[in-house]
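The values are calculated or read from the model by the stated rules, or taken from the named source; none is laboratory data. These figures come from a predicted structure and were not determined experimentally. Every residue, glycine among them, receives a Cβ derived from its backbone with ideal geometry; neighbour counts consider all protein chains shown.
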Amino acid sequence: MSLKKAIKEKATTPAATPDVKDVEILKMLQQNARITVKEIADTIHLSTTPVHERIKRLEQSGIITRYAAMLDAAKLGKKLMVICHVSLREHNKIAGSKFIRSILAMPEVLECYSISGEFDFLLKVLTEDMETYYDFHVNKLSQVENVGHVQSTFVMGVVKQTHEIL
């Protein structure tokens with residue numbers, strides 16, 4: 001089977017619907033990805049082998065996509081978060097693909113969403129301060145081919161920030 005076909009099949013194969021125990025496991029892993037299988041097993045009243053098998057199945061089905069450490073951006077010197085609305089001058093597949101490739105190469109951009117409405121993309125950008133954001137805006141983002149307009153909104157405080165879906 002070709003790689004392209006395998007990727008397409010994986011993308012179109014529906015994941016098995018998680019049952020109650022799977023949901024409990026997922027909630028626990030979202031709160032602490034370093035929790036042990038034994039700790040999960042003890043909490044949800046299963047033995048370790050079925051818990052391990054359930055986690056492997058959730059990973060293989062694509063429900064669990066990866067494990068990550070959540071970092072304190074301010075303690076790492078990244079104190080300015082900016083939400084950027086970006087509109088493109090041209091709207092075609094090639095122009096959109098070029099923009100996306102450029103954004104993927106920018107470490108300052110944490111998230112990028114294709115959106116509807118007045119703007120085409122919404123970016124979540126994290127930099128050290130206003131000076132480094134200005135440099136990013138002028139020398140990187142605005143230099144991307146086909147960028148028409150950028151509107152920056154500066155985050156003054158985070159009220160809620162989570163990656164927990166369940």
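Structure notes:
- Filter result for Ala15 (within 21 Å of the chain's Cα centre (by Cα), small (Gly, Ala, Ser) and modelled with pLDDT of 95 or more): no
- Extreme residue, farthest from Gly148 (Cα to Cα), among residues of segment 52-74 that are touching a residue at least 24 places away in the same chain (Cβ under 8 Å) and hydroxyl-bearing (Ser, Thr, Tyr): Ser61
- Members of segment 55-82 that are under 16 Å from Leu26 (Cβ atoms) and assigned to a loop (DSSP other than H, G, I, E, B): Ser61, Gly62, Ile63, Ile64, Thr65, Arg66, Tyr67, Ala68
- Checked against the criteria, Ser87 does not count as among the hydroxyl-bearing types (Ser, Thr, Tyr), in a helix (DSSP H, G or I) and closer than 30 Å to Tyr134 by Cα.
- Taken over segment 75-94, the criterion of being of a type outside the set (Lys, Arg) and farther than 16 Å from Val150 by Cα is satisfied by Leu76, Gly77, Leu80, Asn92, Ile94.
- Cross-chain or 6+ apart pairs with Cβ under 9 Å, segment 86-100 first and among the basic types (Lys, Arg), then part of a helix (DSSP H, G or I) and surrounded by 10 or more Cβ atoms within 10 Å (Cβ to Cβ): Arg89/Ala95
- In segment 104-157, of all residues being among the charged types (D, E, K, R) and in a loop (DSSP other than H, G, I, E, B), the one that is surrounded by the fewest Cβ atoms within 10 Å (Cβ to Cβ) corresponds to Glu118.
- Checklist (1) surrounded by fewer than 11 Cβ atoms within 10 Å (Cβ to Cβ); (2) at pLDDT 95 or above applied to Asn92, failing item: (2)
Each row is one residue, and each column tells you yes or no for (1) on the phi < 0 side of the Ramachandran plot; (2) touching a His at 6+ places or on another chain (Cβ under 7 Å); (3) assigned by TED's automatic domain parsing to the domain that holds Asp19.
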| residue | (1), (2), (3) |
| --- | --- |
| Tyr67 | yes, no, no |
| Ser87 | yes, yes, no |
| His91 | yes, no, no |
| Gly117 | no, no, no |
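- Which numbered condition Thr36 misses (of (1) surrounded by 12 or more Cβ atoms within 10 Å (Cβ to Cβ); (2) at pLDDT 95 or above): (1)
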